[in-house]
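Okay, structure first, notes after.
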Amino acid sequence: MNATAPTTAETLRSALAGLLDGLPPKQATAAVERLIANYRGTIPTDAPVLRDRSDVAAYAAYRMPATFEAVRSALDGLAGAAPDWVPGSHVDVGGGTGAATWAVDATWDGPRTTAVLDWAEPALALGRELAGRAASEALRGAEWRRAVIGAGIALPDADLVTVSYVLGELTPQARRAVVAESARAGRAVVLIEPGTPEGYLRIREARDQLIEAGLNVAAPCPHDGTCPIEPGQDWCHFSARVSRSSLHRQVKGGSLPYEDEKFSYVAATRFPVTPVPSRITRRPQIRKGLVQLELCGPRDEGLTRAIVTKRHGDLYKAARDADWGRQWPPAEAP
């Protein structure tokens, strides 16, 4: 794991802070609001949403920290299942300004070749500019390449392929093509989507496709079996805390210095992994003298609920400190 993760995150925040210099706050806010509305609607796959540098700068300053934290959380799931594995190469599909590339750098040490593919040239240009300010040689040396993301996509072979917040922008046919090519090209594949019921269903469909392609599920699931969640009744998602910038506060209002980014993900590999025994699927509920944990467990157990009380001693202390998305019981449990 990368001991410099805080430095990577701080460098990214510093680089993003300078993006809006010279751009009037009202113009930045208007650009973000328009882009959010566009992303929530039907996006034509032949017209990039990010049109120019102003669009890209505003949206990157607003969205890149949240994407970075969500991807980093998903990568932590993969790293936990494969603690001795370090990717020597990385391809980021639909990577835009490169949030996933920064997240990879925050997760693993070591030399790495990286290619960021996207169809929006302004996003690639700004991503290249941001990476040029990084301390990491892997980030500064990344290749930023224009490519159509969809049917017919051809990826270079890589240890790690990431596809974050992209599948929802594609037609079903293009989505399956991107997942299939990612499975072919990558030794490990990590897919991230918004933590909505729709985003979860896209991840669930892609998870099935990765398993059919011969990959092993590393995270968040404890197994390769059918997801035990009944569609329409619930959805699997997690949360990452994000520091709010001044632009966040302009657009969304409110006074909290942070917000929580909800996301769904799957990580799968072509090499052996050790998934968690169970994963906490909701925020732990702490009551007087007990902690209630919602869990996804082994294939033969599915969704379960654990009640941990003071009588459990050290395990009770661990439950009080447990986080949504983490394994249960903790690795250091008695």
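The values are calculated or read from the model by the stated rules, or taken from the named source; none is laboratory data. Model, not experiment: these values are computed from the prediction. FYI the Cβ positions are ideal-geometry reconstructions off the backbone, even for glycines, and counts take in every protein chain you see. Heavy atoms of the whole protein, side chains included, go into the accessibility calculation; ligands, DNA and RNA do not. Shrake-Rupley method; radii C 1.70, N 1.55, O 1.52, S 1.80 Å.
Would you confirm whether or not region 6-23 contains a residue that is charged (D, E, K, R), open to solvent by 20 Å² or more (accessible area, probe 1.4 Å), at pLDDT below 75 and farther than 30 Å from Gly152 by Cβ? Yes, because at least one residue in region 6-23 is charged (D, E, K, R), open to solvent by 20 Å² or more (accessible area, probe 1.4 Å), at pLDDT below 75 and farther than 30 Å from Gly152 by Cβ. Inside region 204-217, residues that are open to solvent by less than 10 Å² (accessible area, probe 1.4 Å) and either part of a helix (DSSP H, G or I) or under 15 Å from Ile229 (Cβ atoms) (or both) make up a count of 3. Contact annotation: residue pairs with Cβ atoms under 6 Å, 6 or more positions apart or on different chains, pairing a residue in region 314-334 that is among the acidic types (Asp, Glu) with a partner that is open to solvent by 40 Å² or more (accessible area, probe 1.4 Å) and at pLDDT below 95, are Asp314/Pro334.
The set of residues in region 59-100 that are within 25 Å of Ala30 (Cα to Cα), polar (S, T, N, Q) and part of a helix (DSSP H, G or I) contains only Thr67. Taken together, the residues in region 143-164 that are within 22 Å of Ala79 (Cα to Cα) and open to solvent by less than 40 Å² (accessible area, probe 1.4 Å) amount to 7. Selection of first residues in region 110-130 that are closer than 26 Å to Asp84 by Cβ and touching a residue at least 12 places away in the same chain (Cβ under 8 Å) and of second residues that are β-branched (Val, Ile, Thr) and surrounded by fewer than 24 Cβ atoms within 10 Å (Cβ to Cβ), restricted to Cβ pairs under 6 Å at least 6 apart or on distinct chains, gives the following pairs, ordered by first then second residue: Gly110/Val86. Let me confirm something: among Arg204, Arg145, which residue is more than 30 Å from Thr11 (Cβ to Cβ) and modelled with pLDDT of 95 or more? The conditions single out Arg204. Filtering region 279-302 to residues that are more than 23 Å from the chain's Cα centre (by Cα) and either under 17 Å from Phe238 (Cα atoms) or part of a strand (DSSP E or B) (or both) leaves Gln285, Ile286, Arg287, Leu290, Val291, Gln292, Leu293.
Looking across region 83-130, just one residue is surrounded by 24 or more Cβ atoms within 10 Å (Cβ to Cβ) and farther than 20 Å from Tyr165 by Cα, and that is Pro87.
Return the total of residues in region 144-160 being without any contact (Cβ under 8 Å) to a residue 40 or more places away in the chain, out of contact with any Lys or Arg (no Cβ under 9 Å at 6 or more places or on another chain) and not β-branched (Val, Ile, Thr). Qualifying residue count, region 144-160: 5. Among the numbered conditions (1) surrounded by fewer than 22 Cβ atoms within 10 Å (Cβ to Cβ); (2) farther than 19 Å from Phe263 by Cα, the only one that Glu198 does not meet is (2).
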